[in-house]
Amino acid sequence: MSTAGPGAVPAADAPDTDVCVVGGGPAGLVLALLLLKSGVRVTLVERSRAHHREFRGEILQPGAMRLLDELGVLAGARARGCHEHDRFRLVEGERVLLDIDYRTLPAPYDHLLSIPQPHLLDELVLHCAKFDAFTHLEGHRASALLHGPGGEITGVCADGPEGRREIRAHVTVAADGRFSKLRRLAGIEAGRSDVFDLDVLWFKLSVPDSAPGRRDVRVFRHGASPVLAYDSYPDKVQIGWTLPHGGYADLAGRGVEHLKDQLAAAAPPYAELIREQITSFKDVSLLDVFSGRADRWAVDGLVCIGDAAHTHSPIGAQGINLAVQDAVALHPLLITALAEGDASAAFLGTFEARRAPDIAAVMRTQRVQSAAMLGRGVVATRVRPALAALLRRTPLYGKVLRHIAYGNPDIRVAKELFTDGA
């Protein structure tokens, strides 16, 4: 039984593929490359024709860097342009409230890496395109699911420049982001939670080489609205200003000059650049911050990964880390599913069982980080910095840093499943 509408390309003309991945972000492309290296036929459906849209998430944690390096893509992505950051600092005025030094980690992954997502995604596509078993459907939007006689999902319908086509697959992977259409079409609830109760106003500034803090990822605390700032290749700084959830309407109502005054006060090192370069509300964009975990990650024939399965706050720069780790964790499971012909919800659901503790740990850590950023009073400004300085001299500091930097250290690339000689 097919859900394809009028004008669909006949099934005989559709690509025959083992796995159809919908979404060409870090999770979808890393998974595609892993599967291709294992001799699997992969069709990737991506609605964008090129990676030229604006991306907010650019920070790679050491855990993601290690896995991408094992796949042979990190060096090429870095060569396209990036910036290393030594530390993460929480600053209030002239006072450093929190200082996390990544250079205490073992080399070569002893830093944060700010790298434009197009650099990483283009490098991943380049590696995937080396395989004849790779079909890349750019400019195609997944519009419907295909179903078998038992109701199991057997692929997707994708609308593109030449009309609608059916892509039939043994397994379909929803890697299409936090507002995943495939998740909704499969009847899976998003599980949204507004525990962070904030929005983020994002924008970029052009900065001179002499701009301050270029080696740090910094959060400036100012009132109830901290500002995140980090260097963005080649000559930008990316800034996220946290606002109370729903507070943007009142801010916008006071005009762009009021916005600039507030931003300049919140991020003093960039005050002059803010006044020069923010000319209208078109220069900023609002990100609705929420966390969530889908009520289930798999149904018969389909599994969700990355933001489609679990969504996180930008606090702590965990998005790409988790996406890459999801793909690496799912890879051997899909190889087994194909070998045994088992794409049932029960079997694919073991992916959720494996990853659930890791996701829960990240969500707990982000709540703590959020409290550190947003907390006020004596505890936040005096007691907590003193405790953080004391913590740096204990083994617990290294444990906390490794948790933030690496996530689950047991996740590794299953190279024994590769058939391409890599």
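Taking the stretch 308-322 on its own, how many of its residues are open to solvent by 10 Å² or more (accessible area, probe 1.4 Å) and part of a helix (DSSP H, G or I)?
2
Please determine whether any residue of the stretch 278-296 is farther than 30 Å from Leu182 by Cα and open to solvent by less than 50 Å² (accessible area, probe 1.4 Å).
Step one: list which residues in the stretch 278-296 are farther than 30 Å from Leu182 by Cα, which gives 278-283.
Now drop any that are not open to solvent by less than 50 Å² (accessible area, probe 1.4 Å), which leaves 278, 280.
Yes - at least one qualifying residue is present in the stretch 278-296.
With the condition kept exactly as written, say whether any residue in the stretch 290-297 is over 24 Å from Ser38 (Cβ atoms) and touching a Leu at 6+ places or on another chain (Cβ under 9 Å).
No; the residues of the stretch 290-297 include none that is over 24 Å from Ser38 (Cβ atoms) and touching a Leu at 6+ places or on another chain (Cβ under 9 Å).
Kindly evaluate Gly5 against the criterion of being modelled with pLDDT of 95 or more, open to solvent by 20 Å² or more (accessible area, probe 1.4 Å) and either farther than 19 Å from Gly306 by Cα or outside any loop (DSSP other than H, G, I, E, B) (or both).
Numbers: modelled with pLDDT of 95 or more: no; open to solvent by 20 Å² or more (accessible area, probe 1.4 Å): yes; either farther than 19 Å from Gly306 by Cα or outside any loop (DSSP other than H, G, I, E, B) (or both): yes.
Answer is no for this residue.
So that you can scan it fast, the table gives a plain yes or no per residue for (1) under 30 Å from Val171 (Cα atoms); (2) in a loop (DSSP other than H, G, I, E, B); (3) touching a Gly at 6+ places or on another chain (Cβ under 7 Å):
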{"position": "Met65", "(1), (2), (3)": "yes, no, no"}
{"position": "Gly81", "(1), (2), (3)": "no, yes, no"}
{"position": "Leu98", "(1), (2), (3)": "no, no, no"}
{"position": "Asp110", "(1), (2), (3)": "no, yes, no"}
{"position": "His119", "(1), (2), (3)": "yes, no, yes"}
{"position": "Leu146", "(1), (2), (3)": "yes, no, yes"}
{"position": "Val156", "(1), (2), (3)": "yes, no, no"}
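Which numbered condition in (1) at pLDDT 90 or above; (2) part of a loop (DSSP other than H, G, I, E, B) is the only one that Arg275 fails?
Arg275 satisfies every listed condition except (2).
Would the stretch 82-100 turn up any residue that is open to solvent by 10 Å² or more (accessible area, probe 1.4 Å), among the aliphatic types (A, V, I, L, M), modelled with pLDDT of 95 or more and farther than 17 Å from Arg49 by Cα?
The answer is no, given that none of the residues of the stretch 82-100 is open to solvent by 10 Å² or more (accessible area, probe 1.4 Å), among the aliphatic types (A, V, I, L, M), modelled with pLDDT of 95 or more and farther than 17 Å from Arg49 by Cα.
Name the single residue, out of those in the stretch 127-144 being open to solvent by 20 Å² or more (accessible area, probe 1.4 Å) and not in a loop (DSSP other than H, G, I, E, B), that is farthest from Ala174 (Cα to Cα).
His127
At least 3 residues that are within 23 Å of Gly191 (Cβ to Cβ) and at pLDDT 90 or above in each: list the helices (runs of 4 or more DSSP H) lying fully within the stretch 332-422 that qualify.
345-348, 350-374
Within the stretch 161-176, can you find the residues that are under 16 Å from the mean Cα position of the chain (by Cα) and open to solvent by 20 Å² or more (accessible area, probe 1.4 Å)?
Matches in the stretch 161-176: Asp176 only.
So Ala249 passes all but one of these: (1) under 23 Å from the mean Cα position of the chain (by Cα); (2) loosely packed, with under 14 Cβ neighbours inside 10 Å. Which condition number does it fail?
All conditions are met except number (1).
Name, by its number, the condition in (1) under 20 Å from Leu417 (Cβ atoms); (2) out of contact with any Gly (no Cβ under 7 Å at 6 or more places or on another chain) that does not hold for Asp326.
Against the list (1) under 20 Å from Leu417 (Cβ atoms); (2) out of contact with any Gly (no Cβ under 7 Å at 6 or more places or on another chain), Asp326 comes up short only on (2).
Report the residue count in the stretch 179-214 for those that are surrounded by fewer than 22 Cβ atoms within 10 Å (Cβ to Cβ), basic (Lys, Arg), under 18 Å from the mean Cα position of the chain (by Cα) and at pLDDT 90 or above.
Total meeting the criteria: 1.
Being in contact with a strand residue (DSSP E or B) (Cβ under 8 Å, 6 or more places away or on another chain) and of a type in the set (Phe, Trp, Tyr) is the filter here; which residues of the stretch 252-297 pass it?
Tyr270, Phe290, Trp297
Quick test of your reading of the structure: Val303 fulfils all but one of (1) free of Cβ contacts under 8 Å to residues at least 60 places away in the same chain; (2) in a strand (DSSP E or B). Name the failing condition by number.
(1)
Could you grab me the full set of residues in the stretch 155-208 that are of a type in the set (Phe, Trp, Tyr) and in contact (Cβ under 8 Å) with a residue 60 or more places away in the chain? Outline the logic, then answer.
First, pick out the residues of the stretch 155-208 that are of a type in the set (Phe, Trp, Tyr): 179, 196, 202-203.
Phe196, Trp202, Phe203 - these are the residues of the stretch 155-208 that are of a type in the set (Phe, Trp, Tyr) and in contact (Cβ under 8 Å) with a residue 60 or more places away in the chain.
For the stretch 84-105, give me the residue count where each residue is over 21 Å from Tyr270 (Cβ atoms) and touching a helix residue (DSSP H, G or I) at 6+ places or on another chain (Cβ under 9 Å). Walk me through how you get there before you give the answer.
Pass one, the stretch 84-105, residues over 21 Å from Tyr270 (Cβ atoms): 100-105.
Still in the list and also touching a helix residue (DSSP H, G or I) at 6+ places or on another chain (Cβ under 9 Å): 100-102, 104-105.
The total comes to 5.
The values are calculated or read from the model by the stated rules, or taken from the named source; none is laboratory data. Nothing here was measured: the structure is a model prediction, and the numbers come from that model. In this analysis, Cβ positions are derived from the backbone assuming ideal geometry, glycine residues included, and neighbour counts consider all displayed protein chains. The area values use the complete protein model at the heavy-atom level, side chains included, leaving out ligands, DNA and RNA. Shrake-Rupley method; radii C 1.70, N 1.55, O 1.52, S 1.80 Å.
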